[in-house]
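Structure first, then comments.
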Amino acid sequence: MKQSKMLIHTLREVPRDADVISQQLMMRAGMIQKLAAGIYDYLPLAFRSIRKFEEIVREELAKDGCQELLMPTVQPAELWQESGRWTFYGKELLRFKDRKDAGFCLGPTHEEVITDIVRRNVSSYKQLPMNLFQIQTKFRDEIRPRFGLMRGREFIMKDAYSFDVDDAAADRSYWAMFNAYQRIFARLGVKFRHVEADSGAIGGSFTHEFHVLAGSGEDAILSCDACDYCSNVEKTEAPRIPAVDHGPAMALRPAHFQTPGILAMEEQARAFKDAEHDGLPLHQTSKVYWMTAEVPGQGADTRRLAVAVVLRGDHEMNQVKVKNALGALELAPMEDAEDFTGALSGFLGPVPRPGTRLAELQRTHPEGLAYLVDLALEGANNLTCGANVTDGHHFGFDPKRDLPGARFIDLRLAQEGDLCPRCGKGHYQPFRGIEVGQVFKLGTKYSKSMNCVYLDEHGKENPMVMGCYGIGITRTVAAAIEQNYDADGIVWPWPIAPFQVHLLDLDPANAMVREVADRAERELEAAGFEVLHDDREGLSPGAKFKDADLLGFPLRVMVGSKGLKDGVVELKDRRTKALVKVVPEALVAEVAAARDRIMAELAVQGGR
Ligand code: ATP
Ligand code: MG
């Protein structure tokens, strides 16, 4: 392929609104172009990588008998009303009306449509298991589209859905997909991890995410250094810490400590002084996060809860754990917590002070108030807590005694160095990852609400047990770049490089150079390599090198008049920068050897 004819417009400058490396490099390399916030053109170079990754996905899914189909992007509201998600799916669902005033949305995912397809076409246990997938454009009206292809509003996803007769069969489908994902990301040649992830509050469900490891990743992952346990920090189990013994239980001493104007937890702890104490250790303090939760009520109704989340002073809250503990649809910090509790921020506490809205709520509608206390405080006493009086802290706080009806549950964010509760030997190590795929056992959530049933061998009707499995195709291509680049540009993993060989004609005005370069292009292509031939005239070798570095194809062949005087062309490895001189006749063999070496290294690296 001649570069002079290809739609590639490279940029020297970093585009102003590009905030991560993959976005900067893809824009600079002329791969993508922004059309609107979170909506990009995939130009020919990007599209080649996208297609290549799609083919890897197709090949691996075919091995498990998955069938490809294509569903519409535009979906009728009725289907979403049937599943109940028309109400619960937030603003990411872009809704609109057609000319007849009928409601529609752009599909952010396809559980409803696929469930409808299967219920209309599958009726017997003999047809199951079935796994259907598509590679298709999704739309999610993300609140903050950013990072180029990593968090777009429009993006390409592979989504697969499995249908089984029962739980055990659904588990087999789940693990088959899990293994297919392992193969897919290993073939891609990137470092990745599969991590246990949060499955929300759906009963009978569980899930793993696949993450490409990269410093810029949005997700924090904790991985045990001794066993296989690896999970998204949203989900990571915090090790059980026994309550620290703070001596014989004392009564609650209201507003015992005064720390005027001191807001930071550590400084407050140092300032907690009385006749017997000259400051207290952080683990003898507690803190409260006042939250507002939206929980399911009667039918489609929801109800609001004021929630106090109480943790040890040196621990952080894990919002996902709190959300799951409540089965909440929404959870957010309480906006008017100061007015509600009667004190300024820094002195909020869990124990109601008479005359406040909190005390009133507790008296009149106790069902609208929930106390959640982290397990590390189970059995703890003689703690401090905010007094709900500005500047004051109670002393002698005992959550079990002072917060009747409180639930004790794991609510804290696990952290680096925590003892792994799974093996009891290793400690958590932190990584950052980009979620590129997720496998999810759904259970019967959709098959029950949408009546997707089959007849078993006794003629009895049962709901199918489902799984859903996504891979962000465009996000994965960007994530591969986040992990593989250097100061000069992209360093493509071979399997998804737009081209494998960049052939630079350094002197197109020279007939001999042109002839050798043309021949090299023909021979390499005949040998099965994808070659981009930079035949552009009027550009210095330096400018061509810069573009080649930026585009980052794995191998570069340079044909110039100087080399040809010595009878050689040059072959350079983009990753290692190793350079060899070869006679033109040996070029194809040398490129093939380089490919084999690169692929062998990938096989070792894949997944590490
Ligand atoms: P995230 O937590 O990053 O918002 P998600 O968990 O909501 O993603 P899924 O519903 O699991 O996403 O979708 C399957 C895959 O689609 C994700 O693993 C991810 O690779 C990709 N994906 C999701 N949202 C986006 C987006 N806004 N832009 C690009 N890819 C996305
Ligand atoms: Mg996900």
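Arg407: charged (D, E, K, R), away from ligand 1 (no atom under 16 Å from the Cβ), over 30 Å from Ala168 (Cα atoms) and at pLDDT 95 or above, yes or no?
Yes.
Please find, among Asp573, Asp534, Asp566, Asp547, the residue that is without any contact (Cβ under 8 Å) to a residue 40 or more places away in the chain and open to solvent by less than 20 Å² (accessible area, probe 1.4 Å). Write out each step before concluding.
Working: Asp534 fails: without any contact (Cβ under 8 Å) to a residue 40 or more places away in the chain; Asp566 fails: open to solvent by less than 20 Å² (accessible area, probe 1.4 Å); Asp547 fails: without any contact (Cβ under 8 Å) to a residue 40 or more places away in the chain.
Every option except Asp573 fails the conditions.
Somewhere in the stretch 350-357, is a residue touching a helix residue (DSSP H, G or I) at 6+ places or on another chain (Cβ under 8 Å), open to solvent by less than 60 Å² (accessible area, probe 1.4 Å) and within 13 Å of Thr259 (Cβ to Cβ)? Outline the logic, then answer.
At the first step, the residues of the stretch 350-357 found to be touching a helix residue (DSSP H, G or I) at 6+ places or on another chain (Cβ under 8 Å) are 350-353, 356-357.
Then drop every residue that is not open to solvent by less than 60 Å² (accessible area, probe 1.4 Å), which leaves 350-352, 356.
Add one more test, that the residue is within 13 Å of Thr259 (Cβ to Cβ), and what stays is none.
Taking every residue of the stretch 350-357 in turn, none turns out to be touching a helix residue (DSSP H, G or I) at 6+ places or on another chain (Cβ under 8 Å), open to solvent by less than 60 Å² (accessible area, probe 1.4 Å) and within 13 Å of Thr259 (Cβ to Cβ).
Rundown of residues vs (1) over 24 Å from Ile184 (Cα atoms); (2) open to solvent by 10 Å² or more (accessible area, probe 1.4 Å); (3) away from ligand 1 (no atom under 13 Å from the Cβ); (4) of a type outside the set (A, V, I, L, M, F, W, C), yes/no style:
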{"site": "Ala197", "(1), (2), (3), (4)": "no, no, no, no"}
{"site": "Ala220", "(1), (2), (3), (4)": "no, yes, no, no"}
{"site": "Asp225", "(1), (2), (3), (4)": "yes, yes, yes, yes"}
{"site": "Pro242", "(1), (2), (3), (4)": "yes, yes, yes, yes"}
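Quick one: is Tyr89 modelled with pLDDT of 95 or more, among the hydroxyl-bearing types (Ser, Thr, Tyr) and within 22 Å of the chain's Cα centre (by Cα)?
So Tyr89 does not fit the description; no.
Answer with yes or no whether Phe104 is modelled with pLDDT of 95 or more, open to solvent by less than 20 Å² (accessible area, probe 1.4 Å) and either of a type outside the set (Lys, Arg) or within 22 Å of Ser449 (Cβ to Cβ) (or both).
When the stated conditions are applied, Phe104 does not pass them.
Tell me yes or no: at least one residue of the stretch 157-165 is under 29 Å from Cys224 (Cβ atoms), in contact with a Cys (Cβ under 9 Å, 6 or more places away or on another chain) and open to solvent by less than 10 Å² (accessible area, probe 1.4 Å).
Checking the stretch 157-165: not a single residue is under 29 Å from Cys224 (Cβ atoms), in contact with a Cys (Cβ under 9 Å, 6 or more places away or on another chain) and open to solvent by less than 10 Å² (accessible area, probe 1.4 Å).
Tally the residues that are open to solvent by 50 Å² or more (accessible area, probe 1.4 Å) and out of contact with any Asp or Glu (no Cβ under 7 Å at 6 or more places or on another chain), restricting the search to the stretch 304-323. Steps first, answer last, please.
Here is the first cut: in the stretch 304-323, the residues open to solvent by 50 Å² or more (accessible area, probe 1.4 Å) are 304, 314, 316, 319, 323.
Still in the list and also out of contact with any Asp or Glu (no Cβ under 7 Å at 6 or more places or on another chain): 314, 316, 319, 323.
Result for the stretch 304-323: 4.
In this structure, does Asp301 turn out to be surrounded by fewer than 17 Cβ atoms within 10 Å (Cβ to Cβ), out of contact with any Leu (no Cβ under 9 Å at 6 or more places or on another chain) and under 16 Å from Asn382 (Cα atoms)?
no
Give the residue that is nearest to the chain's Cα centre (by Cα), with candidates limited to residues of the stretch 386-407 that are surrounded by fewer than 16 Cβ atoms within 10 Å (Cβ to Cβ) and in a helix (DSSP H, G or I). Please lay out each step first, then the result.
Applying the first criterion (surrounded by fewer than 16 Cβ atoms within 10 Å (Cβ to Cβ)) to the stretch 386-407 yields 400-401, 404-405, 407.
So of that shortlist, the ones also in a helix (DSSP H, G or I) come out as 400-401.
Working: Lys400: 37, Arg401: 41 Å.
So, considering only residues that are surrounded by fewer than 16 Cβ atoms within 10 Å (Cβ to Cβ) and in a helix (DSSP H, G or I), the one nearest to the chain's Cα centre (by Cα) is Lys400.
How about the stretch 140-154: which of its residues are near ligand 1 (Cβ under 9 Å from one of its atoms) and within 26 Å of Glu55 (Cβ to Cβ)?
Across the stretch 140-154, the qualifying residues are Arg140, Phe147, Leu149, Met150, Arg151, Gly152, Arg153, Glu154.
Please work out which one of (1) assigned to a loop (DSSP other than H, G, I, E, B); (2) within 16 Å of ligand 1 (Cβ to nearest atom); (3) under 20 Å from Ala186 (Cα atoms) is the condition Ser216 fails and give its number.
Every condition holds for Ser216 apart from (3).
Find the residue count for the stretch 73-89, including only residues that are in contact with a helix residue (DSSP H, G or I) (Cβ under 7 Å, 6 or more places away or on another chain) and open to solvent by 50 Å² or more (accessible area, probe 1.4 Å).
Number satisfying all stated conditions: 2.
I need the full set of residues from the stretch 29-49 which are within 15 Å of Pro498 (Cα to Cα) and either assigned to a helix (DSSP H, G or I) or open to solvent by 50 Å² or more (accessible area, probe 1.4 Å) (or both), in order please.
If the condition is that a residue be within 15 Å of Pro498 (Cα to Cα) and either assigned to a helix (DSSP H, G or I) or open to solvent by 50 Å² or more (accessible area, probe 1.4 Å) (or both), then Tyr42, Pro44, Leu45, Ala46, Phe47, Arg48, Ser49 are the ones that fit.
Could you give me the residue pairs with C-beta distances under 9 Å whose first residue belongs to the stretch 196-212 and is under 11 Å from Gln438 (Cα atoms), whose second residue is at pLDDT below 85 and among the hydroxyl-bearing types (Ser, Thr, Tyr) wherever it lies, and which are 6+ apart or on separate chains?
Between residues of the stretch 196-212 that are under 11 Å from Gln438 (Cα atoms) and residues that are at pLDDT below 85 and among the hydroxyl-bearing types (Ser, Thr, Tyr), the close pairs are Ser199/Ser205; Phe206/Ser199; Thr207/Ser199.
Are there any pairs, at least 6 apart or on different chains, whose C-beta atoms fall under 6 Å, with the first in the stretch 254-276 and without any contact (Cβ under 8 Å) to a residue 60 or more places away in the chain and open to solvent by 60 Å² or more (accessible area, probe 1.4 Å) and the second outside any strand (DSSP E or B) and not β-branched (Val, Ile, Thr), and if so, which?
Here the result reads Arg270/Gly279, each pair linking the stretch 254-276 to a residue that is outside any strand (DSSP E or B) and not β-branched (Val, Ile, Thr).
For the stretch 277-309, give me the residue count where each residue is without any contact (Cβ under 8 Å) to a residue 60 or more places away in the chain and aliphatic (A, V, I, L, M).
So the answer is 3.
Return yes when Gly563 is over 29 Å from Ala46 (Cβ atoms) and outside any helix (DSSP H, G or I) and no when it is not. Break it down stepwise before answering.
Working: over 29 Å from Ala46 (Cβ atoms): yes; outside any helix (DSSP H, G or I): no.
So Gly563 fails the test.
So that you can scan it fast, the table gives a plain yes or no per residue for (1) at pLDDT 95 or above; (2) in a helix (DSSP H, G or I):
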site	(1), (2)
Asn324	no, yes
Asp339	yes, yes
Leu348	yes, no
Val351	yes, no
Leu358	yes, yes
Glu367	no, yes
Ala370	yes, no
Gly379	no, no
Thr384	yes, no
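The values are calculated or read from the model by the stated rules, or taken from the named source; none is laboratory data. If you're wondering where the values come from, they're calculated on a predicted model, not measured in any experiment. Cβ atoms come from the backbone with ideal geometry, glycine included; neighbour counts cover every protein chain shown. We work out accessible area using only protein heavy atoms, side chains counted, and drop any ligands, DNA or RNA first. Shrake-Rupley method; radii C 1.70, N 1.55, O 1.52, S 1.80 Å.
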